[in-house]
């Protein structure tokens, strides 16, 4: 198997909490707390979890938009941590971000042509007529009229603005695109169009996605593999079909039970979790999920379980999975083999939201 495009090892992103007259550090928010995973070239890794679990922080740290506290990030074998902004600049072309809010992510004082031409100007790749041709090609790829280049962002709908944001992200033909909840701010009727656009672009350009979302049905559709985060850590990772068919971590089971089933003859079987997610400022000892887990054992309160490999690229950070993993050593900090990328079809109707 070829080397993964993205290799993350024991990544941590901590934020100090300061207060008082002298601004002393009173605590630390452990937004991402020891995460490891690989992303194969051409695949889509879905990243799901409750609000505040660290998904967006992890996505931005991957691109060095947030500085990691510790750990390693490699893109195509090149270590990113420790590089200066000047050293990072050539690598910026290879990794881009699609923002969640299509209204706030575009400069309202720039025309669409200027917005899409800016990446070429910053990296000195095209100017004049050549830059104009690149902008027109991007508009064609997004299904937007060419005259849109003379208009401003406020003149477009939310779905059109997100297309412009996607065009900006792929302008320099990156290898990796982090899509940070790219459809959550859009109407349901528009979401399927944007998802299909991302799938088509992946096929045409060989893109690799880290797809962050709350909508579990969308994640199931677009993802080759899915990683579930809870309180700054990955608690389960598996090929998409395996995770949705047989979730092994109690938190994943509760998440999937909340997905609406579009069948009135099948009553929902919800697994309601007691309490609220603990604060990342003071996470519980042992397994972070143990205060809400219906299967909690005394061991869970004392020890943090590693990600136990369960075969087929499936791994779960739960002591209940330990018996199924005795033939293999526990996966160090969450590293599992990547499954081969799978193809997605065209989404004719927006899936039900989870």
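Numerical summary
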| quantity | calculated |
| --- | --- |
| Count of region 58-77 residues which are without any contact (Cβ under 8 Å) to a residue 60 or more places away in the chain and either surrounded by fewer than 17 Cβ atoms within 10 Å (Cβ to Cβ) or under 17 Å from the mean Cα position of the chain (by Cα) (or both) | 6 |
| Lone unmet requirement of (1) modelled with pLDDT of 95 or more; (2) farther than 25 Å from residue 227 by Cβ; (3) surrounded by 18 or more Cβ atoms within 10 Å (Cβ to Cβ) for residue 119 | (1) |
| Output for region 208-232, where each listed residue is over 14 Å from the mean Cα position of the chain (by Cα) and over 30 Å from residue 285 (Cα atoms) | 217, 221 |
| Among the candidates 38, 33, residue that is more than 30 Å from residue 195 (Cβ to Cβ) and part of a strand (DSSP E or B) | 33 |
| Any hit, region 180-188, residues being surrounded by fewer than 22 Cβ atoms within 10 Å (Cβ to Cβ) and part of a helix (DSSP H, G or I) | yes |
| Check on residue 171, touching a residue at least 24 places away in the same chain (Cβ under 8 Å), surrounded by 23 or more Cβ atoms within 10 Å (Cβ to Cβ) and closer than 30 Å to residue 316 by Cβ | no |
| Condition broken by residue 163, with the remaining ones in (1) closer than 24 Å to residue 42 by Cα; (2) touching a strand residue (DSSP E or B) at 6+ places or on another chain (Cβ under 7 Å); (3) assigned to a helix (DSSP H, G or I) satisfied | (2) |
| Looking only at region 15-41, and only at residues there that are touching a residue at least 24 places away in the same chain (Cβ under 8 Å) and surrounded by fewer than 17 Cβ atoms within 10 Å (Cβ to Cβ), the one that is nearest to residue 223 (Cα to Cα) | 28 |
| Exclusive hit being surrounded by 19 or more Cβ atoms within 10 Å (Cβ to Cβ) and either part of a loop (DSSP other than H, G, I, E, B) or at pLDDT 80 or above (or both), set 277, 291 | 277 |
| Failed condition for residue 96, given (1) touching a helix residue (DSSP H, G or I) at 6+ places or on another chain (Cβ under 7 Å); (2) part of a loop (DSSP other than H, G, I, E, B); (3) within 20 Å of residue 205 (Cα to Cα) | (2) |
| Region 78-93, subset in contact (Cβ under 8 Å) with a residue 12 or more places away in the chain, in contact with a strand residue (DSSP E or B) (Cβ under 8 Å, 6 or more places away or on another chain) and not in a helix (DSSP H, G or I), residue surrounded by the most Cβ atoms within 10 Å (Cβ to Cβ) | 80 |
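The values are calculated or read from the model by the stated rules, or taken from the named source; none is laboratory data. All of these numbers come straight from a predicted model, not from anything done at the bench. Backbone-built Cβ (ideal geometry, glycine too); neighbour counts: all protein chains shown.
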